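Working notes, structure below.
A short reminder: the numbers here are calculations on the coordinates, not readings from a lab. These numbers were taken from a predicted model, which means no experiment stands behind them. Here the Cβ is made from the backbone with ideal geometry for all residues, glycine too, and neighbour counts use every protein chain on show.
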DNA sequence: AAGGCATAAGTTACCCGTAACGTAAAATGG
DNA sequence: CCATTTTACGTTACGGGTAACTTATGCCTT
């Protein structure tokens with residue numbers, strides 16, 4: 001008991017005793033068992049469960065980095081869960097991670113299985129849903145309005161005179177954010193009298209290759225496409241490479257727009273038209289909201305991190 | 001106690017009792033507290049601490065993905081630690097994560113602080129050191145020989161006739177792998193009668209921007225450089241963009257070589273000269289070795305995952 | 001019907017750190 | 001110098017799950 005007091009610096013011991021305890025700590029290489037503390041219910045753990053669809057997507061890697069760095073400054077740890085974009089994986093992971101008594105959970109996306117939702121409610125711990133902005137979150141939410149970002153891109157591209165637009169993306173069970181962007185995009189384009197031809201590479205991950213082959217397929221079936229909006233920048237790069245390989249000049253022969261504004265996009269000589277989202281900041285904000293809740297500070301239930309359209313030079317000039 | 005038996009399917013209960021227990025589990029939304037099990041020492045946890053320098057580097061994100069996916073198939077979870085390439089951060093993280101009684105640890109790099117090493121030895125749990133191949137690991141190791149990969153690149157580039165070579169990289173306390181590649185590179189180049197001019201962007205992360213500006217600085221101070229070897233592909237892309245912006249043709253005016261073979265490198269029209277390492281496989285192998293040790297299977301202490309030089313088209317042709 | 005033996009279910013103790021409470025000695029006060 | 005307070009340290013109990021052990025019940029055997 002006295003040793004416990006010394007180790008927690010709680011006071012109520014003499015300097016002489018403190019030294020003796022610390023000596024033994026050194027000799028024994030003693031490390032406290034935090035499991036016992038949490039188990040006894042004296043305090044909550046410093047685990048935060050963090051579910052991320054996949055890390056192959058640079059964007060999510062950055063979100064995770066933002067989360068873990070910020071949590072780290074508070075002495076908290078991320079327990080990772082890669083859900084592969086499926087609710088079933090997410091549900092299983094939630095069940096497992098909850099049995100470890102985490103202090104809170106940060107989940108990507110707003111759609112969860114009914115059982116998952118029930119477990120989350122029963123757990124009685126803070127939950128932050130990130131990525132999709134969610135006006136009615138389980139607990140807290142931080143993200144952007146994907147529909148709006150797709151809409152803005154559609155409005156921008158049609159304002160440049162494009163009428164025949166293409167979309168290249170993948171489709172997962174819960175890739176709802178991308179689907180919402182597509183919906184917003186279509187609404188804007190159709191509202192401006194244009195049309196969108198969609199090319200979905202199902203069961204693929206949203207990276208370079210599907211961008212490359214998706215573009216090939218799209219242009220093979222619809223030759224009059226003037227400009228393509230991709231699910232994300234990685235796919236857009238794949239599309240750019242396809243065009244370069246086929247001798248198609250961008251933006252003279254075809255326009256290319258991505259989404260997410262990867263770091264590499266800003267260093268390329270030809271600036272990729274995209275939509276910037278501060279992924280690192282999103283992650284940090286999620287961690288901050290979590291920590292705010294855990295320290296009983298007032299926390300907004302819903303935070304819009306915002307986005308910014310990047311005109312770039314891979315679509316035709318506004319004056320054209 | 002009977003409930004415990006039912007939940008573990010241990011046997012020694014009647015069907016009637018089983019049904020009654022499961023009913024109550026449903027009604028109460030009961031989730032077992034795994035903390036208690038581990039705490040009691042009846043079994044070890046299913047946590048594996050995983051330390052990664054940073055996730056901004058796509059390469060490490062892939063390693064982590066490989067680790068977590070594989071661990072997931074065994075019902076284990078990753079507890080993440082981003083060490084920012086510093087031993088001090090790693091040491092602090094190790095101390096914290098050990099207090100949570102993990103089943104094992106996977107650490108990036110072979111150099112740890114003395115205290116960290118001591119804690120790792122005392123912990124008595126499996127440890128896999130990844131990234132650098134380590135013939136004398138604390139416990140187990142999986143990675144590649146970075147010196148050799150740098151050496152091979154140096155030999156390849158000099159075999160093409162390059163004499164005046166440049167290197168652009170960053171330098172962190174523990175970016176030892178990159179330093180070893182550089183050492184191997186220099187040895188090969190100097191052995192072939194060439195010379196290497198180094199440009200280190202200290203205190204920067206090894207991404208596009210430093211690659212861009214590092215190239216600018218290097219070429220500003222040493223105009224006769226024929227070919228530049230970069231710390232990694234991301235920096236090489238930055239260098240490529242610098243060259244494109246300055247009207248320097250690659251490989252006619254200058255050669256560019258990266259390291260790591262990012263996915264995007266293989267879809268570019270101009271194939272980046274690089275060195276391929278299967279990062280996902282590295283992560284999976286690390287997780288497999290960990291699981292093998294935890295299930296008392298015989299596990300090799302040291303696994304070389306290998307690398308493959310990618311000639312690419314950003315350096316002059318062998319016939320030139 | 002008594003003895004032997006599965007099977008089902010209950011009881012006790014333990015894991016480790018700490019809250020709550022107890023106690024002895026030293027310090028303080030009038 | 002005795003009463004009161006403070007300081008330093010000790011004791012007990014608890015948390016949830018489970019190993020090890022005990023008890024109760026029903027079944028079969030001879």
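On the beta carbon distance between residue B:2 and residue B:223, with R0 = 56 Å, the FRET formula returns roughly 0.10. When Rg is the radius of gyration of the Cα atoms in the range A:188-256 and Rh is its Kirkwood radius, what does Rg/Rh come to? Radius of gyration over Kirkwood radius for the range A:188-256 works out to 0.96. The equivalent ellipsoid of the range B:96-169 has semi-axes of 37, 12, 9 Å, largest first, where each one is the square root of 5 times an eigenvalue of the Cα gyration tensor. Shape summary of the range A:14-97, radius of gyration then Dmax from alpha carbon positions: 18.7, 58 Å. Between the C-alpha center of the range B:252-320 and that of the range A:229-288 there is a gap of 25 Å.
When chain B is treated as a Gaussian network with alpha carbon springs shorter than 10 Å, the biggest mean-square fluctuation among B:31, B:71, B:165 belongs to B:31.
Applying Stokes-Einstein at 37 °C and 0.692 mPa s to the Kirkwood radius of the range A:78-128, computed over alpha-carbon pairs, gives a translational diffusion coefficient of 300 µm² s⁻¹. Across the range A:24-152, the volume of the C-alpha convex hull divided among the residues equals 139 Å³ per residue.
Using the alpha-carbon centroid of each, what span in Å lies between the range A:119-154 and the range B:151-211? Taking the Cα centre of each part, the range A:119-154 and the range B:151-211 sit 45 Å apart. Relative contact order of the range B:211-320: 26 percent, from C-alpha pairs under 8 Å at least 6 residues apart in sequence. Quick one: grab the alpha carbon gyration tensor of the range B:109-267, order the square roots of its eigenvalues as a ≥ b ≥ c, and give me rounded if a/c is under 1.5, else prolate or oblate depending on whether a/b is larger than b/c. Prolate is the answer for the range B:109-267, as a/c is 1.5 or above and a/b outweighs b/c.
Multiplying the residue separation of residue A:73 and residue A:249 by 0.36 nm and subtracting their alpha-carbon distance yields 58.6 nm. Here is the P(r) of the range A:20-64: all C-alpha pair distances, binned every 10 Å from 0, give 22, 22, 24, 22, 10, 0 in whole percents. May I ask for the Kirkwood hydrodynamic radius of the range B:1-43, worked out over all distinct Cα pairs and given in angstroms to one decimal? After inverting the pairwise mean of 1/r, the radius is 11.2 Å. Compared with the dominant Cα axis of chain A, that is its longest principal axis, helix A:208-221 is turned about 30°. Reported value for the range B:274-313: 49 Å³ per residue, from the convex hull of its C-alpha atoms. Computed from Cα atoms alone, the Kirkwood hydrodynamic radius reported for the range A:159-218 is 12.2 Å. Using the Cβ-Cβ distance between residue A:99 and residue A:18 with R0 set to 41 Å, the FRET efficiency from 1/(1 + (r/R0)^6) comes to roughly 0.65. Relative to the longest principal axis of the Cα atoms of chain A, the long axis of helix A:87-98 makes an angle of roughly 10 degrees. Build a GNM of chain A with springs between Cα atoms under 10 Å apart, and of A:114, A:137, A:251 the one that fluctuates most is A:114. Taking other Cβ atoms within 10 Å as a rough exposure proxy, B:299, B:267 sort from fewest to most as B:299, B:267.
Computed from label points 7 Å out along Cα-Cβ, the spacing between residue A:192 and residue B:25 is 5.6 nm. Shown here: the protein assembly as shown, whose C-alpha atoms stretch 73, 66, 48 Å along the first, second and third principal axes, sorted largest to smallest.
Over chain B, dividing the summed -39,500 (n - 2.57) contributions of all DSSP H runs of at least 4 residues by the number of residues returns a 222 nm mean residue ellipticity of -13500 deg cm²/dmol.
Take the Cα of residue B:164, go 7 Å toward its beta carbon, and the backbone nitrogen atoms of the range B:248-269 under 14 Å from that spot belong to B:253-255.
The Kirkwood hydrodynamic radius of the range B:195-320, based on inverse pair distances between different Cα atoms, is 16.2 Å. Each of A:226, B:129, A:16 was scored by other Cβ atoms within 10 Å of its Cβ. Listed from fewest to most, they are A:16, A:226, B:129. From largest to smallest, the equivalent ellipsoid semi-axes obtained for chain B from the alpha-carbon gyration tensor read 48, 19, 17 Å. Taking every DSSP beta bridge that has both ends in the protein assembly as shown, the antiparallel portion is near 10%.
Separation of the range B:22-67 and the range A:59-114, taken as the distance between their Cα centroids, equals 11 angstrom. For chain A, the longest principal axis of the alpha carbon atoms and the long axis of helix A:146-159 meet at an angle near 30°. Of the residues A:171, A:278, A:14, the one that moves most in a GNM of chain A with alpha-carbon contacts below 10 Å is A:14.
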